[in-house]
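These notes are about the structure you will find just below.
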Amino acid sequence: MKLQQLWKVFREGMQNVPKVMGMNRRNLAYVYPNNPRRNFEYANDKLLTKRTLEHAGLNIPKTYFSVSYFYELTQIEAELRRLSSFVIKPASGSGGNGIVVIVDYDEGRWISISGKEYSFEMIKKHIADTIFGVFSFGLNDTAIIEERVVQDERITVLSPQGLADIRMINYKGKNVKAMLRIATEASDGKANLHQGGIGLAIDLESGKSFSAQIERENVTHHPDTGVVLLDVAIPYWKELVVLCEAVAEVIPMGYLGIDIAISEQGLVVLEVNARPGIEIQNIADEGMIERLESIEKGLKCLV
């Protein structure tokens, strides 16, 4: 059989295959062609991300201070003790690694969102580990100490164990797919799917949830609280859709994961990701390829 005939057979056969995007296709068709390597720093360096977004007038968590060198560790105790609530995160970390969320300060010790107590020495060691690169592939890093986002009470009902966030996939300025990532006891208060968090698929048009999973298992209720997860309307949805498009305008990459928290005061941009995962397709039980291709066709029609 000739090559053209084989290709025709393959193409016809693929028409009945669900249009789910794999990692190779994500990288070769979307990440590498649209995200120049020189611009990865806009996602990989959270301090640069924050400066870029703040310069554009977009709402981000306030940075209290950052620590890049070990000698600075001797100078931060007074600054830390003025804070009863804050977040420590690596500037170049990923997957939620190295993030510590402090919610209270009592009798010389800080209390994390999971209830763990931290002395100053423990906090200092964590920051030192961050600088040393423990949470960023062994590369020297910077520890960011920033404002803790207190989420909207309507989201707290869904995620009382910790801060939830919306992950939006955006392609060339157009939103592709969204999910709400919810913390659980198993995920230690972090909205991280790989650590036992919940993925809640959100319909782009209505802003309502329609599917939920924990570690590839479909669920309808939060495992810790029993709260119903489906057909829930996400607050500020129309504003959130517009905000994600605004983020895509100022970050010089064409394929992004954008993470948004819904705070008591409104929407807050947490960070962006140049290589967002594809697990969102499993959460929604539908692929992204058709939506991505329709965006591409629409953009070509405008040219």
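The values are calculated or read from the model by the stated rules, or taken from the named source; none is laboratory data. This one's a predicted model, so the numbers in the text were calculated from it and none came from an experiment. Note: ideal-geometry Cβ built from the backbone for every residue, glycine included; neighbour counts use all protein chains shown.
Of the residues that make up segment 251-273, is at least one of a type in the set (Phe, Trp, Tyr), part of a helix (DSSP H, G or I) and either surrounded by fewer than 20 Cβ atoms within 10 Å (Cβ to Cβ) or out of contact with any His (no Cβ under 9 Å at 6 or more places or on another chain) (or both)? Within segment 251-273, not a single residue is of a type in the set (Phe, Trp, Tyr), part of a helix (DSSP H, G or I) and either surrounded by fewer than 20 Cβ atoms within 10 Å (Cβ to Cβ) or out of contact with any His (no Cβ under 9 Å at 6 or more places or on another chain) (or both). Close contacts from segment 77-106, counting a first residue that is closer than 25 Å to Phe40 by Cα and a second that is part of a loop (DSSP other than H, G, I, E, B) and of a type in the set (Gly, Ala, Ser), with Cβ to Cβ under 6 Å and a gap of 6+ residues or different chains, come to Pro90/Gly98; Pro90/Ser136; Ser92/Ser136; Gly93/Ser136. If you check Ala212 against the conditions, is it of a type in the set (Gly, Ala, Ser), more than 16 Å from the chain's Cα centre (by Cα), assigned by TED's automatic domain parsing to the domain that holds Tyr30 and modelled with pLDDT of 95 or more? So Ala212 passes the test.
Look at segment 29-41: where a residue is not assigned by TED's automatic domain parsing to the domain that holds Gly254, no partner that is among the hydrophobic types (A, V, I, L, M, F, W, C) and assigned to a loop (DSSP other than H, G, I, E, B) sits 6+ places away or on another chain with Cβ atoms under 6 Å. Report whether or not Ser187 is buried (at least 21 other Cβ atoms within 10 Å of the Cβ), in the same structural domain as Met253 (by TED's automatic domain parsing), more than 20 Å from Asp45 (Cα to Cα) and not aromatic (Phe, Trp, Tyr). Yes. Restricting attention to segment 91-120, which residues are polar (S, T, N, Q) and loosely packed, with under 14 Cβ neighbours inside 10 Å? Ser119, the sole residue that qualifies.
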